[in-house]
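Asker: Please see the structure below; I have some questions.
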Amino acid sequence: MVGIILETNINSEKLTEKIIKNDFYDNLQNSRVEFIVNRKLRKIAGRKKLGILWMVLDPLATSLVYLFVLTVFRSSPNAETMLIGIGMYKIFQSSIKSGVNTISDFSGGLKLERVSSNVLLKSIIKFRIIDTFLQSFGVILVLFIGFKSNLMGVFVFLLLAQIIGIIAEGFGLNLALIVRKIPDIGNIINYFLLLMFFGSPVLYPMEFTEGLHYTINEYNPFTYFVEYSRWNMGLSSEIFNIEPTIIIVTMLILGFVAIRGLMSLDNLRWKVSNWS
Amino acid sequence: MEGVELVVGEISILVDKLTVRYLEIKRSILHPSGTAQEVIGLENISLNIKKGEIIALIGKNGAGKSTLLNTIFGKIRPTKGNLKTFGRVIMLSGINAGFDNESTGRKNIIELSKAYGVPIGEISDLVEDVIDFSELGEAIDRNYKGYSTGMKGKLGFGFITSLSPEILLIDETLGVGDARFRAKAQDRLKKFIQRSNTVLISTHSLGLAKEMCSRGIVLDKGKLIFDGDIDEAIKNYININS
């Protein structure tokens, strides 16, 4: 095997590698990222006939179910508003869960040689981009063809979905250690996500909320993404009624937490390696 | 590094006062976050392994052999001490190199070869070599999930032993297939070991240790009991057991 690792230093603080950075090294890292991402996609597809197409269909199917339920309850839901909300929420939910569960396997599926944390991080980000694109694809297709939404609105949805996907993945990574330590928190996160689904403006626009419910959503970053996306498609939106300072401060804090989560992958991996 | 004889340029693995303690977290209703209890894996181990050495790691179950190999591999964090390896480390532990159930044996070998850095120009020869060795025939183009345990073992062993690592760690040698195939596998394993620059084999097979290795390291309850000539190492191990 081609010698690219000159020296590996291991102590309680960290594992560091002295590497010969050449074309072979770059190709190997890229092959590993591709390998890990393909495995993740194949794991989702499993033995299903439609494979990863289910990732495209899932937000649409969920939207149809809620559209049906709310129509039965005579809530007169707006299908376009709901589709944007559910599409964005599904991406947020799967990304945050993926971040929390990162800790379950650090091998990347390669059992014989240690995969560097850098490769794992690149794989996480690449998979998140593909996963988000696939989950968004069905939604934007229906919005563009079915609801004649404007091209700019569709593009903004796609962009915002990517941003919320990466942020949620990084946020989830911050929770990974505590969930590993106290697995019960995993259940609490699930309930929190359920509460977010019904409490955030997913199934309805923010203008339907009032009082404390409205105030909470002003500080809920998910609201900014979904409401801005709705505004871009010419739908009812409260995005410009929220104090810009609140949005900026909340997003700065969230961005910092997300980057911290993504950057802490190597520490996290090292820290839990002798937990049994 | 203190306590270790250093021969610059020839060292492959350098272990200095290495201590590994596992954190066993026990949870209860009163302590939902769990109480951490330390379990000793390795205690103050120092070693100096030169390039080209084939070393047997001997000890009873729970002696710390796998912990030492996993720490050298970079999978487990040491609690104290330092460890250095010089070159790419491959660890053979079981027969699954990362095979995917939903792909064929052939596709698996090609994908894994790329991911383990086999040069593109050598992949087709490697694939043919693995198919030839594993005797899977037409089954190589069937999905891996349909393979029997024996077939998976042959394919896994064939692929792993087709690589040429700089540092090879073997956590227990494997028995694959029937008596005839086992002899063939043993032969391939020997060639694999000889092809690798530095080899550390954890084994209960004293015969293999004596045949392949010139040096033996005996571990007991996480401590290094003996490090030296293989015959002396085996005697030490037998003494511990008796």
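Asker: Give me the tail of P(r) for the protein assembly as shown as a percent: Cα-Cα pairs with distance above 44 Å. Walk me through the numbers before you get to the answer.
Answerer: Numbers: 37741 of 133903 pairs.
Counting pairs separated by more than 44 Å, the tail of P(r) holds 28 percent.
Asker: Further question on the same structure: Counting Lys +1, Arg +1, Asp -1, Glu -1, what net charge surrounds A:Arg32 among other residues with beta carbon under 10 Å of its beta carbon?
Answerer: Values: positive: A:Lys122, B:Lys114; negative: A:Glu34, A:Glu113.
So the surrounding residues net to 0.
Asker: If you build a Gaussian network model of chain A, linking Cα atoms that sit under 10 Å apart, which residue out of A:Thr215, A:Thr102, A:Thr62 swings the most?
Answerer: A:Thr215
Asker: Can you list the DSSP H helices in chain A whose Cα atoms extend at least 20 Å along the helix axis and whose mean Kyte-Doolittle hydropathy is 0.5 or higher? List each step's numbers first, then the result.
Answerer: Values: long enough: A:23-45 (33 Å, -0.67); A:53-72 (29 Å, 1.83); A:79-101 (32 Å, 0.46); A:117-141 (36 Å, 1.13); A:151-181 (46 Å, 1.84); A:184-199 (22 Å, 1.41); A:244-263 (28 Å, 2.12).
TM-like helix candidates: A:53-72, A:117-141, A:151-181, A:184-199, A:244-263.
Asker: Any idea what angle helix B:179-195 forms with the longest principal axis of chain B, computed on alpha-carbon atoms, 0 to 90 degrees, nearest 10?
Answerer: 60 degrees
Asker: Find how much the distance from A:Asp184 to A:Phe24 grows on full extension, using 0.36 nm per residue of separation minus their present alpha carbon separation; answer in nm with one decimal. Kindly include the intermediate steps, with their values, before the conclusion.
Answerer: Details: separation 160, 0.36 × 160 = 57.60 nm, distance 4.41 nm.
Result: 53.2 nm gained on full extension.
Asker: What is the Cα coordinate range of chain A on the first, second and third principal axes, sorted by size from largest, in whole angstrom?
Answerer: Extents along the principal axes, in whole Å: 66, 40, 33.
Asker: Using DSSP, restrict attention to beta bridges with both residues in the protein assembly as shown and report what percent are antiparallel, rounded to the nearest 5. Mind dumping the intermediate values first?
Answerer: Values: 32 of 50 bridges.
That works out to approximately 65 percent antiparallel.
Asker: Would you work out which of A:His213, A:Leu158, A:Ser104 lies farthest towards the positive end of the dipole of chain A? Charges go on Cβ: Lys and Arg +1, Asp and Glu -1.
Answerer: Final value for the positive-end residue is A:Ser104.
Asker: Next question, about the same structure. Sequence gap of 8 or more, or different chains, plus Cα separation below 20 Å: how many lysine pairs satisfy both in region B:181-242? Mind showing how you got there, number by number?
Answerer: Numbers: B:Lys184/B:Lys210; B:Lys190/B:Lys210; B:Lys191/B:Lys210; B:Lys210/B:Lys235; B:Lys221/B:Lys235; B:Lys223/B:Lys235.
Final tally of qualifying lysine pairs is 6.
Asker: Extending each Cα 7 Å along its Cβ direction at B:Ile25 and A:Ser12, get the distance between those two points in nm, one decimal.
Answerer: 1.9 nm
Asker: Using C-alpha positions alone, give me the convex hull volume of region A:46-175 per residue in cubic angstrom.
Answerer: On the way: hull volume 16.8 nm³, N = 130.
Value for region A:46-175: 130 Å³ per residue.
Asker: Once the Cα gyration tensor of region A:171-276 is found, what semi-axes does its equivalent ellipsoid get, as square roots of 5 times the eigenvalues, in whole Å, sorted largest first? Don't skip to the end; give the middle numbers.
Answerer: Working: eigenvalues 209, 54, 23 Å².
They are 32, 16, 11 Å, listed largest first.
Asker: Starting with the fewest neighbours, write out B:Thr79, A:Thr132 ranked by other beta-carbon atoms found within 10 Å of each beta-carbon.
Answerer: Working: B:Thr79 19, A:Thr132 25.
Final ranking by Cβ density, sparse to dense: B:Thr79, A:Thr132.
Asker: Eight or more residues apart or on different chains, and alpha-carbon atoms under 30 Å: count the Lys pairs in region A:1-115 matching that.
Answerer: 22
Asker: Quick one: of the DSSP bridges fully inside chain B, what percent are antiparallel, nearest 5?
Answerer: 60 percent
Asker: May I ask for the Kirkwood hydrodynamic radius of region B:47-177, worked out over all distinct Cα pairs and given in angstroms to one decimal?
Answerer: The Cα-based Kirkwood calculation yields 16.3 Å.
Asker: May I pose another question? Which percent, nearest 5, of DSSP beta bridges in region B:110-242 are antiparallel? Walk me through the numbers before you get to the answer.
Answerer: On the way: 6 of 11 bridges.
The answer is about 55 percent antiparallel.
Asker: Once both axes come from the Cα atoms, what is the angle between helix B:120-134 and the longest principal axis of chain B, in degrees from 0 to 90, rounded to 10?
Answerer: Value to nearest ten degrees: 90.
Asker: Here's something else I'd like to know. Please build a GNM for chain B, connecting alpha carbons under 10 Å apart, and tell me which residue among B:Gly105, B:Gly81, B:Gly158 fluctuates the most.
Answerer: B:Gly81
None of the figures in this text is laboratory data; all of them are computed from the coordinates on show. These numbers come from a predicted model, not from an experiment. Cβ: placed from backbone, ideal geometry, glycine included. Neighbour counts: every protein chain shown.
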